[in-house]
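Comments concern the structure below.
FYI, it's all coordinate maths here, none of it is from the lab. None of the values given here were measured: they were computed from a predicted structure. We place every Cβ from the backbone using ideal geometry, glycine too, and count neighbours over all the protein chains shown.
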Amino acid sequence: MDYFRYLDNRLHCEQVPLDQIAASVGTPFYCYSQGTLERHFDVFSRAFAAVDHLICYSVKANSSLAILDTLARRGSGFDIVSGGELERVKRVGCPGSRVVFSGVGKSGAEIQAALEHDILLFNVESHGELLRINTLAGRMGKKAPIALRINPDVDPATHPYISTGLRRNKFGIPHPQAMELYRLAASLEHVIPMGLDCHIGSQLTTLEPFVDALKRVKQLLIELRRAGIPLRYLDLGGGLGIPYDAQQIPPHPERYAEALLQELNGLEITLILEPGRVIVGNAGVLVAGVEYVKEGEEKRFIITDAGMNDLLRPALYDAHHTILPVVRRFDREEILADVVGPICESGDFLAKDRVLPEFHAGELLAVRSAGAYGFSMSSNYNTRPRAAEVMVCQDRFAVVRPRETIHQLMEHETLFT
Ligand SMILES: *Cc1c(COP(=O)(O)O)cnc(C)c1O
């Protein structure tokens, strides 16, 4: 459920027509619905109401301060993967007690900054990282709360670039090494084993892989308890998919919660979840202007002012995003076209071989489901300023990040003299 819909044939975000925003801020821009964001967070959190739990929104899905602030006010915690993301969650006033830190390559400086902020958990991904955290915590006279991220070796059946829980992936500690590393952790002076973590991938559209992974880590939790290493937290990561089109509808968060809670039954544990996409994906759209419509020899191209530097997912994952006209007209034929950007790469497309209403130069289109891994993956490739970001609440909108200027892009560069 989201708050993007047509009223009088104009696509609205909540009560604001997107063409009105375009007239005011120009294109391309990302537009986020605050009401949708809050709703998604509440639905997800409520689904786990029966157990002690903490939702740690995955910052990398969309790290804009207005998004983080909206979620922090709702009581969300945060899953960070860098020192930069730590600074972002500090900026919106999130206490360390609601922050978990994931990622395979935490630097010494990042670990230190997280220790200073007294975060809830380090999700440790290797033997080397465990020792490094122990050393740094020792130097600071602290004890670092840690979880080991276990790679359960289950197939999430998603795109290979976003699967993380297979033996061949770089993520986590191989399941067979877990017990030994927990024993080591328990013997170290400056870390405390507090939890167990696993995150198997992203955009999962069925529940089985989640349940399979949970079965494996639950067994491990029980064995650890027997071995005298009782853990307080079980972090099951993120990964629940969203509908990008009508063909594949992933399970509702309530079904997801039911499946997990059923498997957890009786296990006394505080549950941590790290949803990203399912919270923010369908709370945002990318609005672009049509620059040209070009008749190729084989294909028609709708060339927009948004490209792969603004939304990388189609190029990177061959991802499908629904494309809608911002103003719906009924005098248009349907055509088959590629929607492409201005970037000098053949991989620069937003949609391929798509049946769409005919567009004319100067008109606007909206790329749906662009709230997650949209702006946060955007770049300045081809020296293109990153798009503006707008947030809407009911009948009000504000630019929460202005469009970059070309001047900003070159500001810190110098000639070599
Ligand atoms: C990316 C990531 C998430 C969020 O994944 P979604 O598919 O956006 O829910 C959660 N945890 C970790 C460790 C991640 O890397």
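Report the full-extension gain for the segment A157 to A227: residue separation times 0.36 nm, less the Cα-Cα distance, to one decimal in nm. If you can, show how the numbers build up before the last one.
On the way: separation 70, 0.36 × 70 = 25.20 nm, distance 3.34 nm.
Extending this stretch completely gives an extra 21.9 nm.
Just G96, G238, G138 to compare: in a GNM of the chain, with alpha carbon springs under 10 Å, which one fluctuates most?
G138
Where does helix 178-187 land angle-wise versus the long Cα axis of the chain, in degrees 0 to 90, nearest 10?
For helix 178-187, the angle is close to 60 degrees.
For R132 and T417, compute 0.36 nm times the residue count separating them, minus their Cα-Cα distance, and round to one decimal in nm.
The R132-T417 span can extend by a further 98.6 nm.
List the lysines whose alpha-carbon lies under 21 Å from that of K106, not counting same-chain residues fewer than 8 positions away?
Counting by Cα, and skipping residues close in sequence, K106 has these lysines nearby: K60, K90, K142, K143, K170.
Before rounding to the nearest 500, sum -39500 (n - 2.57) across all DSSP H runs of length at least 4 in the chain and divide by the residue total; then give [θ] at 222 nm in deg cm²/dmol.
Taking each H run of at least 4 residues, the total per residue is -8000 deg cm²/dmol.
Hey, got the Cα dimensions of the range 34-278 along the principal axes, in Å, largest first?
Computed over the range 34-278, the largest-to-smallest principal extents equal 52, 38, 34 Å.
Lysines near K352 by alpha-carbon distance under 21 Å, same-chain residues fewer than 8 away left out - which ones?
Straight-distance partners of K352: K294, K299.
Place a point 7 Å from the Cα of N9 along the Cα-to-Cβ direction; which residues of the range 328-363 have their backbone N under 11 Å from it?
So the set is 328-332.
Putting +1 on Lys and Arg Cβ atoms and -1 on Asp and Glu Cβ atoms, find which of L68, V100, A47 reaches farthest to the positive end of the dipole of the range 34-278.
Among L68, V100, A47, the one farthest towards the positive end of the dipole of the range 34-278 is V100.
Could you tell me what fraction of 2.2 N^0.38 Å the Cα radius of gyration of the range 194-251 comes to, as a two-decimal ratio? Spell out each step's value before the answer.
Working: Rg = 14.4 Å, N = 58, 2.2 N^0.38 = 10.3 Å.
Cα-based Rg divided by the globular estimate yields 1.40.
Once amide H atoms are built 1.01 Å from N in the peptide plane, which residues 5 or more positions from V191, or in another chain, come under 5 Å H to H?
It is A144, by chain and number.
Return the single residue from E254, E334, E125 with maximal mean-square fluctuation; model: Gaussian network over the chain, springs between Cα atoms under 10 Å.
E334
Could you check which residue among D19, D153, D245 shows the biggest mean-square fluctuation in a GNM of the chain with a 10 Å Cα cutoff?
Residue with maximal mean-square fluctuation among D19, D153, D245: D245.
Which value in nm describes the separation of the simple spin-label points at L261 and S24, placed 7 Å from the Cα toward the beta carbon?
Calculated label separation equals 4.0 nm.
Report the percentage of all Cα-Cα pairs in the range 1-51 whose separation exceeds 12 Å, rounded to a whole percent.
Tail of P(r) above 12 Å: 68 percent of Cα pairs.
I'd like the FRET efficiency for E297 and M410, computed as 1/(1 + (r/R0)^6) with the beta carbon distance as r and R0 of 51 Å, rounded to 0.05.
For R0 = 51 Å, the calculated efficiency reads 0.85.
Could you compute Rg(Cα) / (2.2 N^0.38 Å) for the chain, with N its residue count?
Normalised Cα radius of gyration, the chain: 1.04.
Order the peptides 194-204, 335-345, 274-284, 294-304 from the highest to the lowest mean number of other Cβ atoms within 10 Å of their residues.
274-284, 194-204, 335-345, 294-304
Express in whole angstrom the spacing between the alpha-carbon centres of the range 134-188 and the range 21-39.
The distance from the Cα centre of the range 134-188 to that of the range 21-39 comes to 38 Å.
Angle check, please: helix 34-47 long axis (alpha carbons) against the longest principal axis of the chain (alpha carbons), in degrees 0 to 90, nearest 10.
Orientation of helix 34-47: about 30 degrees from the principal axis.
Full extension from Q248 to R332: what is 0.36 nm times the residue separation minus their Cα-Cα distance, to one decimal in nm?
My answer for the length gained is 27.5 nm.
Please determine, in degrees from 0 to 90 and to the nearest 10, the orientation of helix 253-264 with respect to the longest principal axis defined by the Cα atoms of the chain, where the helix direction is its Cα long axis.
Compared with the principal axis, the helix lies near 10 degrees.
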